[in-house]
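Single-structure report; data block below.
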Amino acid sequence: MSASDDELQKIFDHVDANSEAFIARVMDYVSHPSISAHDIGIREVADLLVDMLKGLGMEAETVATKNHPMVLARRDVSPDKPTILLYGHYDVQPPDPLELWDSPPFEPTIRNGRIYARGIGDNKGQHFAQILAIESHLAVHGDLPCNIIFLLEGEEEIGSPHIADFVGEHADRLQADLVVTSDGPLHETGLPVVTFGVRGVAGFELRAKTAGRDVHSGNFGGVVPNAAWKLVHLLSTMKNAAGEITIEGLTEPVIPATNSEREAISKIPLDVEEVKAELGLAELDGPRERGYFDRLMFHPTLTINGFHSGYDGPGMKTVLPCEAFVKCDIRLVEPLTPDYVFEKVAAHVERHAPDVEFIPLNGMLPSKTPMDSPYAEAISKAVKAARGVEPLLYPTVGGSLPDYVFTKILKKPAFVVPYANADEANHAPNENLEIERFIDGIKTGAALLTEIGRMSQGASTLC
């Protein structure tokens, strides 16, 4: 074992020796509600974090936005050392429906080697592991191996509406060599993951109105246009039966997957039949020839989130609806933007159903860091040092996170290194985090700081 490996092992030993105290502390942390959608406990938890981070010798403060505050902290070691920006969010989802929880959501409980509480996996438990990794470095070695910036958001669970403005306004305070987020789950096998990108999203509504009121389907059927059918016909021009998006021009700019990206997804364990069985599927969505991870990583999707029209109560009502509306989302891959997608959808609607109202809603840009980033190897080495196995490399994931603020505004490489178990049930009742995964997360965070500290400053080629 090299001297540097021995120094890291001392930190791992410290984490093991203090694991019971660390578990008690994270349980206390998640017992404080911080529900952004309801503005419950947000400022109290932000202040709690500032006190924690100041206790680690960091310069820490809450910074106001137009709604919930950001928590911003930093500790500088040397201008010759790289700087890592650790991002997370301290807000959580509402715990409803409460009756489906086996224990109260803000009274953390241990069952079967897991901590059950709202926010334990998403995201409080994961960024608390980062905090304890910093603390463990300081406890064992008295200093840190690299400069650290901590950015914790209070609005991630409501779509991060102000983070882009915040990052733009405070870019000078957020200058780092790379950004790492610990959020989301490991692979379902328990193997660790390093993610290089996320898809974006563009949400919209379509509204049809064909008459001043609903009418009798017998007396007026065939006379009065049906608003529901109008939307059905329009939607059928936007995605065909083969599963292909047919909105004119929308998919043309999409950048194909690289050879290294395709090689990475070929190594991700997958049992498609097991996925189908778990979800009760007879078949996957089209296009049939498209691979499973191709669908989730390299292509945009068009989803109908909800369709509302006419009568949906018990029994039958022979009504012909005069109004209908549908909510949709399109997941975005590089280089698509919400504005580009909205422009194409609006033009498509105007062309095929000009009397249907198109209403753009929220959007988020996609983000991608090249897989040959010089920081990728250091992150993978850190994960292996802590977990004993090589991580799976995900070129991107299907969901959306605000990573674009780092790659497109700060122009820095951004990675996601999750610590939570795949069945964490985030956003659902009985959210949980395996205790072993939490301890692994602390060690991974510690190893990450060590490996980044060994690199030269400014190694990024993304700028």
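Seen from every direction in turn and averaged, the convex hull around the alpha carbons of segment 315-414 projects onto 11.6 nm². Scaling against 2.2 N^0.38 Å puts the C-alpha radius of gyration of segment 116-168 at 1.44. Here the peptides 235-241, 393-399 are ranked by packing, the mean other Cβ count within 10 Å, and the order with the highest first is 393-399, 235-241. Paramagnetic label reach from T303 (point 7 Å along Cα→Cβ; backbone nitrogen cut-off under 13 Å): within segment 324-345, residues 327-332.
For the chain, the longest principal axis of the C-alpha atoms and the axis of helix 3-17 are separated by about 70°.
Using the Cα coordinates of segment 37-187, the gyration tensor eigenvalues translate into equivalent-ellipsoid semi-axes of 27, 20, 13 Å, sorted from longest to shortest. Rounded, prolate or oblate, given the Cα gyration tensor of segment 28-70, with a/c below 1.5 counting as rounded? Taking the square roots of the gyration eigenvalues as a ≥ b ≥ c, segment 28-70 is oblate.
Scalar couplings 3J(HN,Hα) for segment 86-101, obtained by applying the Karplus form with A = 6.51, B = -1.76, C = 1.60 to θ = phi - 60°, are 9, 10, x, 9, 9, 8, 10, 6, x, x, 4, x, 4, 5, 8, 7 Hz; x denotes Gly and Pro.
Scattering from segment 57-135 was approximated by placing one identical point on each alpha carbon and applying the Debye formula without solvent; log10 I(q)/I(0) at 0.17, 0.24 1/Å stands at -0.85, -1.21. For segment 274-310, the list of trypsin sites (Lys or Arg not before Pro) that fall in a loop by DSSP and count at most 16 other C-beta atoms within 10 angstrom reads R288, R290.
Pairs K124/K411; K267/K408; K381/K412: which exceed 24 Å Cα-Cα? From the list (K124/K411; K267/K408; K381/K412), the Cα-Cα distance tops 24 Å for K124/K411; K267/K408.
The charge dipole of the chain, taken about its Cα centre with unit charges on the Cβ of Lys, Arg, Asp and Glu (plus for the first two, minus for the last two), comes to roughly 880 debye. Basic side chains Lys and Arg get +1 at the Cβ, acidic Asp and Glu get -1 at the Cβ, and with that the dipole of segment 305-463 about its Cα centre reaches some 540 debye.
Restricting the GluC sites (Glu not before Pro) of segment 153-262 to loop positions (DSSP other than H, G, I, E, B) with no more than 16 neighbouring Cβ atoms within 10 Å leaves E188, E244, E248. Can you give me the relative contact order of segment 316-463 as a percent, contacts being Cα pairs under 8 Å and 6 or more apart? Value for segment 316-463: 26 percent. Taking amide hydrogens as placed 1.01 Å from N in the peptide plane, the amide H of Y394 sits under 5 Å from those of V194, T195, F196, each at least 5 positions away in sequence or on another chain.
The alpha carbon centroids of segment 35-84 and segment 397-433 are separated by 19 Å.
Let me make sure I get this right: for segment 1-63, a, b and c are the square roots of the gyration tensor eigenvalues over alpha carbons, sorted descending. Under 1.5 in a/c it's rounded, otherwise prolate if a/b > b/c, else oblate. Which is it? Verdict is prolate for segment 1-63. When you filter the trypsin sites (Lys or Arg not before Pro) in segment 63-132 for DSSP loop state and at most 14 other Cβ atoms inside 10 Å of their Cβ, you are left with K66.
Under 1.5 on a/c is rounded, so check that first for segment 247-324, then, if it is not, pick prolate when a/b is larger than b/c and oblate when it is not; a ≥ b ≥ c are the square roots of the alpha carbon gyration tensor eigenvalues. It is oblate, given that a/c is not under 1.5 and a/b is not larger than b/c.
Accessible surface for D6 stands near 60 Å², nearest 10, in the context of the full protein assembly shown (1.4 Å probe). By the rule of a C-alpha distance below 13 Å, with chain neighbours fewer than 8 residues away ignored, the aspartates and glutamates paired with K239 are E248, D285, D329. For K209, the lysines whose Cα falls under 19 Å of its own Cα, not counting residues fewer than eight places away in the same chain, are K230, K327. Against the chain, whose longest principal axis comes from its Cα atoms, helix 338-352 is set at around 10 degrees. Sequence-ordered 3J(HN,Hα) estimates for segment 118-128 from the Karplus curve with 6.51, -1.76 and 1.60 and θ = phi - 60° stand at 5, x, 5, x, 10, 10, 5, x, 6, 6, 5 Hz, glycine and proline given as x. Converting phi to 3J(HN,Hα) with the Karplus coefficients 6.51, -1.76 and 1.60 and the offset θ = phi - 60°, segment 184-200 yields x, x, 5, 5, 4, 6, x, 5, x, 9, 10, 10, 9, x, 9, 7, x Hz in sequence order, with x at every glycine or proline. Calculate the tail of P(r) for segment 194-345: the fraction of all Cα-Cα distances greater than 22 Å, expressed in %. Above the 22 Å cut-off, segment 194-345 has 55 percent of its Cα pairs.
Look at the dipole of segment 173-329 built from charges on Cβ: of G197, G249, A282, the Cα furthest out on the positive end belongs to G249. Between the helical axis of 435-453 and the longest alpha-carbon principal axis of the chain there is an angle of about 70 degrees.
The residues packed around A139, meaning those with a beta-carbon under 12 Å from its beta-carbon, carry a net charge of -2 if Lys and Arg are +1 and Asp and Glu are -1. Three semi-axes describe the equivalent ellipsoid of segment 245-284; taken as square roots of 5 times the Cα gyration tensor eigenvalues and ordered largest first, they are 27, 20, 5 Å.
The values are calculated or read from the model by the stated rules, or taken from the named source; none is laboratory data. Quantities reported herein were computed from a predicted structural model and do not represent experimental measurements. Every residue, glycine among them, receives a Cβ derived from its backbone with ideal geometry; neighbour counts consider all protein chains shown. Ligands, DNA and RNA are excluded from the accessible area calculation, which covers all protein heavy atoms including side chains. Shrake-Rupley method; radii C 1.70, N 1.55, O 1.52, S 1.80 Å.
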